[in-house]
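Visitor: Before we start, here is the structure in question, set down as structure tokens.
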Amino acid sequence: MSIPLVDLKAQYAAIKPEIDAAMQRVVNNTSFILGKEVGEFEKNFAAFSRVQHCIGTDSGTAALHLALLLCDVKPGDEVITTTHTFIATAEVISVIGAKPVFVDIDPRTYNIDPHLIERAITPRSKAIIPVHLYGQPAEMDPILDLARKHNLKIIEDAAQAHGAEYRGRRAGTLGDLACFSFYPGKNLGAYGDAGALVTNNAELAERARMLRDHGRREKYTHQIVGYGYRLDALQAAILGAKLPHLEQGNARRRAIADYYTERLTNLGIVTPYVPPHITPVYHIYCIRAKNRDGLQNHLKARGIEAGIHYPIPLHLQPVYQNLGYKLGDFPHAEQAANEILSLPMYPEMTNTLVNQVVDAVREFYQ
Ligand SMILES: *Cc1c(COP(=O)(O)O)cnc(C)c1O
């Protein structure tokens, strides 16, 4: 029996009637773009995230792009972010013509190290994008202090952190704006591309709604230059059907993670470090392993899929060679890239499958 990193078939099987009904509803009423389904989902996801405004978009990347525009980031500006993230976080900065300024990670949490941010700030700095990587919020209090001190905007990349908490506050409510992705494999995933921007700022929300839909409030009156970044009704209906299961799914992820952590001690493996004031949602369960590639191959031979998130830090990506970074600039991120391994993690994973993964890992080191 093979064990995938994420099993979307098992998820569909668990809630098929609800998903089928949601999709059929959209097909029947043929209101495919924005409309009631999108409005309902936005309202419900805002309530889930305990934030006032949610604006659905056609991807997490689009939401990040809009967030930078809303923070008035312009060509030549600088935006600070972590080097250890998915490319989209930095890509949107470049798309605007601004410059991504990378910072190394805290080697325990894999999130941006707040102590290294201040030295990256220059007169051109406009914003910071902390990423809540693997579903664990970044250390936000010192980041928010820096933002206030230097008059910078904070955009949370919460693409992996639906429902995660920092000091009792939900990811997505901590900065000026936050971006979620509903890419199929995320903790809340659509059946295609989808994302959302959330904020407590009514003015930014209003502008975001115009920007995502060709700069308009009414059908044929265009106030500003906008984009075709709308969430579609089919995705919204599917997300709406899945949302009531998200809390329970996150709890199951935590239970699996706690079990992994308990069973993988004393093997020389580093299991996730979770500070006491953080409630993670384990989008990814990431270990640090000696002979990582050997372990990955050992698991693969036993039908167990493990992943690497991410194998190349952004400052070493070919696309960013023009920024002038070199190997050695961010040693913690570089070392992590060589040692990290993501084990299978999804709420529908049975205890039997979790034990198979544990046994296979233990076998490799014994
Ligand atoms: C998934 C992801 C994104 C991009 O979201 P899309 O919906 O795929 O565009 C951005 N940042 C991070 C950290 C992600 O994991």
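Visitor: Exactly one of (1) assigned to a strand (DSSP E or B); (2) surrounded by fewer than 19 Cβ atoms within 10 Å (Cβ to Cβ); (3) hydroxyl-bearing (Ser, Thr, Tyr) is unmet by THR81. Its number?
Guide: (2)
Visitor: Starting from segment 244-264, keep only residues that are of a type in the set (Ser, Thr, Tyr), then list their pairs with residues that are assigned to a helix (DSSP H, G or I) and open to solvent by 70 Å² or more (accessible area, probe 1.4 Å) whose Cβ atoms are within a distance under 9 Å, requiring at least 6 positions of separation or different chains.
Guide: Partner pairs satisfying both residue conditions: TYR259/ASN351.
Visitor: Follow-up. Is there any pair with a first residue in segment 131-143 that is charged (D, E, K, R) and a second that is away from the ligand (no atom under 13 Å from the Cβ) and open to solvent by 10 Å² or more (accessible area, probe 1.4 Å) whose Cβ atoms are under 6 Å apart and which are 6 or more apart or on different chains, and what are they?
Guide: GLU139/PRO114
Visitor: Can you name the strands (runs of 3 or more DSSP E) wholly within segment 156-254 that have at least 2 residues being within 21 Å of the chain's Cα centre (by Cα), basic (Lys, Arg) and at pLDDT 95 or above?
Guide: Working: elements: 177-181, 195-199, 216-218.
Correct list: empty, since no element meets the threshold.
Visitor: Return the residues of segment 169-205 that are more than 12 Å from the ligand (Cβ to nearest atom), farther than 18 Å from ASN44 by Cα and in contact with a strand residue (DSSP E or B) (Cβ under 9 Å, 6 or more places away or on another chain); say none if nothing qualifies. Please lay out each step first, then the result.
Guide: From segment 169-205, those more than 12 Å from the ligand (Cβ to nearest atom) are 169-170, 172-177, 191, 198-205; that's our starting set.
In the following step, the residues that additionally are farther than 18 Å from ASN44 by Cα were identified as 174-176, 191, 203-204.
Result: LEU174, GLY175, ASP176, LEU204.
Visitor: Quick one: ARG50 ticks every box in (1) modelled with pLDDT of 95 or more; (2) buried (at least 16 other Cβ atoms within 10 Å of the Cβ); (3) out of contact with any Phe, Trp or Tyr (no Cβ under 8 Å at 6 or more places or on another chain) except a single one, so which number is it?
Guide: ARG50 satisfies all of (1) modelled with pLDDT of 95 or more; (2) buried (at least 16 other Cβ atoms within 10 Å of the Cβ); (3) out of contact with any Phe, Trp or Tyr (no Cβ under 8 Å at 6 or more places or on another chain) except (2).
Visitor: Let me ask another. Condition test on ILE96, is it open to solvent by 20 Å² or more (accessible area, probe 1.4 Å) and free of Cβ contacts under 8 Å to residues at least 60 places away in the same chain?
Guide: yes
Let's see how each residue does on (1) away from the ligand (no atom under 11 Å from the Cβ); (2) touching a Cys at 6+ places or on another chain (Cβ under 7 Å); (3) within 30 Å of GLY189 (Cβ to Cβ); (4) not aliphatic (A, V, I, L, M):
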{"site": "ILE121", "(1), (2), (3), (4)": "yes, no, no, no"}
{"site": "LEU133", "(1), (2), (3), (4)": "no, no, yes, no"}
{"site": "ILE143", "(1), (2), (3), (4)": "yes, no, yes, no"}
{"site": "ASN151", "(1), (2), (3), (4)": "yes, no, no, yes"}
{"site": "ALA159", "(1), (2), (3), (4)": "no, yes, yes, no"}
{"site": "GLY163", "(1), (2), (3), (4)": "yes, no, yes, yes"}
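Visitor: Could you run through segment 306-334 and say how many residues are farther than 27 Å from VAL354 by Cα and open to solvent by 70 Å² or more (accessible area, probe 1.4 Å)?
Guide: Here is the first cut: in segment 306-334, the residues farther than 27 Å from VAL354 by Cα are 312-334.
In the following step, the residues that additionally are open to solvent by 70 Å² or more (accessible area, probe 1.4 Å) were identified as 312, 318-319, 321-322, 326-327, 331-332.
Of the residues in that region, 9 qualify.
The values are calculated or read from the model by the stated rules, or taken from the named source; none is laboratory data. Bear in mind the structure is a predicted one, so any value in this text is a computation, not a measurement. Heads up, the Cβs are rebuilt from the backbone with ideal geometry, glycines too, and the neighbour counts pull from every protein chain shown. With ligands, DNA and RNA removed, areas are computed over all heavy atoms of the protein, side chains included. Shrake-Rupley method; radii C 1.70, N 1.55, O 1.52, S 1.80 Å.
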